[in-house]
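Heads up: the structure comes next, in structure tokens.
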Amino acid sequence: MLKVENLDVYYGSLKTLDAVSIFVEERELVSVIGANGAGKSTLLNAIAHIIQPRKGRIHFMGQDVTYVTAPQMTKLGITLVPEGRQLFGTLTVLENLEIGAYLRHYPWGNEKKAARTIAEDMDRVYDLFPVLRERRKQNAGTLSGGEQQMLAIGRALMSEPKLLMTDEPSLGLSPILKGTVLGAFRRLREEGLAILLVEQDMERSLKMAERAYVMENGRIVLEGEGAELLRNNEVKQHYLATK
């Protein structure tokens, strides 16, 4: 589904990604782990075209998408849930979800079909996170951290993604809310959605993932099945709480 080949990204003169190559298959959950500053967020932002790679290629569903715009990437089916959620705090839960579906109204002339499918996906989001239905008239900025993360994921789902990328979804959440949020990704994968996950709870993310990549200093240094990397002594020593 997604194939990233030899991606280089710079911030000014600083090289932050160095010949990074990864792939994601359909219906697969792939995790990217590494220390802070390893380049994980930069990788997701480059795939989403929030930043432009200087070198390398990105293919999605067999199409070269290296130079398309960020809105075009969303339209093609890649959506990013960014670190920090980046909600519209003065808008309601419902309005944030509706904004997530904005590009689905194009091209104009098919509004009835768009409205029907958007309503179906709204119900899907509410089924995944029932608290959002209860809070739908509440401003997003007044939600708890966990509820805001659920809304950020729900807003991304409203764009009808084929591949959902998510950056540190459980950061700052209580253990119970972390379980709710990460459990949602398991359910979404079971429903057929491909997921590329960057998550600070590296042990749990490896347990969830079919495959995973380990990043250091902007490079992929290890890759393999999630269960295989959980048993890897180097991964245990440097990244996991259990040695």
Consider the stretch 187-222. How many of its residues are among the charged types (D, E, K, R), in contact (Cβ under 8 Å) with a residue 40 or more places away in the chain and surrounded by fewer than 22 Cβ atoms within 10 Å (Cβ to Cβ)?
6
Within the stretch 10-24, track down each residue that is under 15 Å from the mean Cα position of the chain (by Cα) and not aliphatic (A, V, I, L, M).
23
May I ask you to verify whether residue 243 is modelled with pLDDT under 90 and either outside any helix (DSSP H, G or I) or surrounded by 18 or more Cβ atoms within 10 Å (Cβ to Cβ) (or both)?
yes
Whichever residue in the stretch 32-50 is in a loop (DSSP other than H, G, I, E, B), in contact (Cβ under 8 Å) with a residue 60 or more places away in the chain and in contact with a helix residue (DSSP H, G or I) (Cβ under 9 Å, 6 or more places away or on another chain) and, among such residues, is farthest from residue 170 (Cα to Cα)
48
Provide a single number: the residues in the stretch 65-105 that are of a type in the set (Asp, Glu) and not in a helix (DSSP H, G or I).
1
Residue set 178, 137, 162; condition within 22 Å of residue 85 (Cα to Cα) and more than 19 Å from the chain's Cα centre (by Cα); output residue 137
Hey, among the residues in the stretch 40-79 that are over 17 Å from the mean Cα position of the chain (by Cα) and small (Gly, Ala, Ser), which one's nearest to residue 6 (Cα to Cα)?
56
Picked from the stretch 168-186 (must be of a type in the set (A, V, I, L, M, F, W, C) and not in a loop (DSSP other than H, G, I, E, B)), the residue surrounded by the fewest Cβ atoms within 10 Å (Cβ to Cβ) is 176
Using the structure shown, decide if residue 155 is surrounded by fewer than 16 Cβ atoms within 10 Å (Cβ to Cβ), in a helix (DSSP H, G or I) and either outside the structural domain of residue 35 (by TED's automatic domain parsing) or touching a helix residue (DSSP H, G or I) at 6+ places or on another chain (Cβ under 7 Å) (or both).
no
Just give me the residues in the stretch 131-152 being of a type in the set (S, T, N, Q) and not in a helix (DSSP H, G or I), in sequence order.
138, 139, 144
Name the residue that is farthest from residue 129 (Cα to Cα), counting only residues in the stretch 58-106 that are hydrophobic (A, V, I, L, M, F, W, C) and touching an Asp or Glu at 6+ places or on another chain (Cβ under 8 Å).
58
Of all residues in the stretch 12-31 being among the hydroxyl-bearing types (Ser, Thr, Tyr) and in a strand (DSSP E or B), the one that is surrounded by the fewest Cβ atoms within 10 Å (Cβ to Cβ)
21
Lone unmet requirement of (1) within 18 Å of the chain's Cα centre (by Cα); (2) closer than 15 Å to residue 187 by Cβ for residue 152
(2)
What's the number of the condition residue 223 fails, among (1) assigned to a helix (DSSP H, G or I); (2) modelled with pLDDT of 90 or more?
(1)
Residue 100 meets each of (1) of a type outside the set (A, V, I, L, M); (2) at pLDDT 95 or above; (3) touching a Leu at 6+ places or on another chain (Cβ under 8 Å); (4) within 21 Å of residue 169 (Cα to Cα) with one exception, condition (2)
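The values are calculated or read from the model by the stated rules, or taken from the named source; none is laboratory data. Since this is a predicted model, take the numbers as computed values, not measurements. Cβ sites come from the backbone with ideal geometry, for glycine too, and all protein chains shown count toward neighbours.
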